[in-house]
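Structure record follows, encoded as structure tokens.
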Amino acid sequence: MTYAPRRADNGAGVAYTIGAYLIWGVLPLYFLLLTPTGPWELVAWRVLLSLVFCMLLLAITRGWGPLLTVVRQPRLLALTALAGVLIYVNWQVFVLAALSDHIVETSLGYFINPITTVLLGVFVLRERIRRLQWAAISIAALAVIVIVAALGTVPWIALTLTASFGLYGLVKKKIGPAVDAVSGLTLESFWLIPIAVVQLVLVEQDTGITFGGEGVLHAALLAFAGVATAVPLLLFAAGTRRISLAAVGILQFITPVMQFVIGAGVRGEPMPPERWAGFFIVWVAIAVFVVDILLASRRERHRRAVAEHQKPASHDKPAELI
């Protein structure tokens, strides 16, 4: 009975986290359903509608208090603005790639993202990392070199996605628990309103806005963009608070695997031998990374078990609860 709530909380965390990664995994297919809406219009609506969705959540949950607390702190406001710019770059590049048949390259970016995060921890946060993590970083760098040398092009989509999302995670780490998930996404979307408005004006002058002009079903699907943007971020925030970093580190590969299958299998994007070679090396790096996570998690469990065993027995509690 003592451990049931903890197990239930852990199970909920896994479910939330998997839900977030599954939604992110199928986003390319959702974006393709929105044709003929182009990438610039789509991201603009994504920003504006996610803001609307978050404000509705704040109204329903009466979460204005925490939001106003953040607004009164200039440092936190500046960090949310920086986070907004980084997530905008990530969204825009991802949508551009998805709508131009470069989904496989987006998967490459998210495959190497965990390794990028570790690298940022080393150079920005001065964290010390283990030998296997250095090995994974070196192997991933080799994969990028192989792709560039073999195909003759820099995988800028993958590198931009991993850099923007990695830096976004770094900023969110700096913000920490001072800003809750809904308030954070609300402010990040708010800072992007000028960009979204400018994009809609330019699209209207160029090709015309498609929202409302392509039928009821298309309008409904496009209106859902705010939900599709906000919900996985909120699920991810709820999930990662409940499970270990080791579990998060392993589950996060759900998204790039799904994107790779969609790009190579469903959309039939080209996979020449050179690209397969690069991806194979990346997967070797991921295998090393996962092994390191599992070994570190096992060592931590062992350390805690030893520490628990060495605690003096309490005479104030029944033996079965110690």
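The values are calculated or read from the model by the stated rules, or taken from the named source; none is laboratory data. These numbers were taken from a predicted model, which means no experiment stands behind them. Here Cβ is always computed from backbone atoms with ideal geometry, including for glycine, and neighbour counts include all displayed protein chains. SASA here: full protein model, heavy atoms, side chains in, ligands and nucleic acids out. Shrake-Rupley method; radii C 1.70, N 1.55, O 1.52, S 1.80 Å.
Quickly run through the stretch 254-279 and pick out the residues that are in a loop (DSSP other than H, G, I, E, B) and either among the small types (Gly, Ala, Ser) or open to solvent by 60 Å² or more (accessible area, probe 1.4 Å) (or both).
Of everything in the stretch 254-279, those that are in a loop (DSSP other than H, G, I, E, B) and either among the small types (Gly, Ala, Ser) or open to solvent by 60 Å² or more (accessible area, probe 1.4 Å) (or both) turn out to be 267, 268, 270.
Picking from 61, 37, which residue would you name as being more than 23 Å from the chain's Cα centre (by Cα) and either surrounded by 19 or more Cβ atoms within 10 Å (Cβ to Cβ) or at pLDDT 95 or above (or both)?
37
Within the stretch 156-179, how many residues turn out to be free of Cβ contacts under 8 Å to residues at least 60 places away in the same chain, open to solvent by less than 40 Å² (accessible area, probe 1.4 Å) and not small (Gly, Ala, Ser)?
Looking only at that region, the number is 2.
Where residues in the stretch 104-154 are charged (D, E, K, R) and in a helix (DSSP H, G or I), which of them is nearest to the chain's Cα centre (by Cα)?
Per the stated criteria, the residue is 105.
Could you say which residue among 14, 52, 71 is over 30 Å from residue 206 (Cα atoms), in contact with a Gly (Cβ under 8 Å, 6 or more places away or on another chain), of a type in the set (Val, Ile, Thr) and open to solvent by 40 Å² or more (accessible area, probe 1.4 Å)?
On inspection, the qualifying residue turns out to be 14.
Quick one: is residue 182 closer than 29 Å to residue 35 by Cβ and either in a helix (DSSP H, G or I) or open to solvent by 20 Å² or more (accessible area, probe 1.4 Å) (or both)?
No.
Let me spell it out: the conditions are (1) among the aromatic types (Phe, Trp, Tyr); (2) more than 25 Å from residue 13 (Cβ to Cβ); (3) within 16 Å of the chain's Cα centre (by Cα), and residue 224 meets all of them except one. Which number is the exception?
Result: residue 224 fails condition (3) only.
Residue by residue through the stretch 142-151, note down the ones that are open to solvent by less than 60 Å² (accessible area, probe 1.4 Å) and under 26 Å from residue 92 (Cβ atoms).
Initially, the stretch 142-151 is screened for residues open to solvent by less than 60 Å² (accessible area, probe 1.4 Å), giving 143-144, 146-148, 150.
Result: 143, 144, 147, 148.
Let's see how each residue does on (1) closer than 25 Å to residue 289 by Cβ; (2) among the small types (Gly, Ala, Ser); (3) open to solvent by less than 20 Å² (accessible area, probe 1.4 Å):
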{"site": "76", "(1), (2), (3)": "no, no, yes"}
{"site": "87", "(1), (2), (3)": "yes, no, yes"}
{"site": "102", "(1), (2), (3)": "yes, no, no"}
{"site": "112", "(1), (2), (3)": "yes, no, yes"}
{"site": "126", "(1), (2), (3)": "yes, no, no"}
{"site": "136", "(1), (2), (3)": "yes, yes, yes"}
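Please verify whether residue 212 is part of a loop (DSSP other than H, G, I, E, B), in contact with a helix residue (DSSP H, G or I) (Cβ under 9 Å, 6 or more places away or on another chain) and modelled with pLDDT under 90, treating the condition exactly as stated. It would help to see each step written out before you state the result.
Numbers: part of a loop (DSSP other than H, G, I, E, B): yes; in contact with a helix residue (DSSP H, G or I) (Cβ under 9 Å, 6 or more places away or on another chain): yes; modelled with pLDDT under 90: yes.
Yes; evaluated as a whole, the condition is true for this residue.
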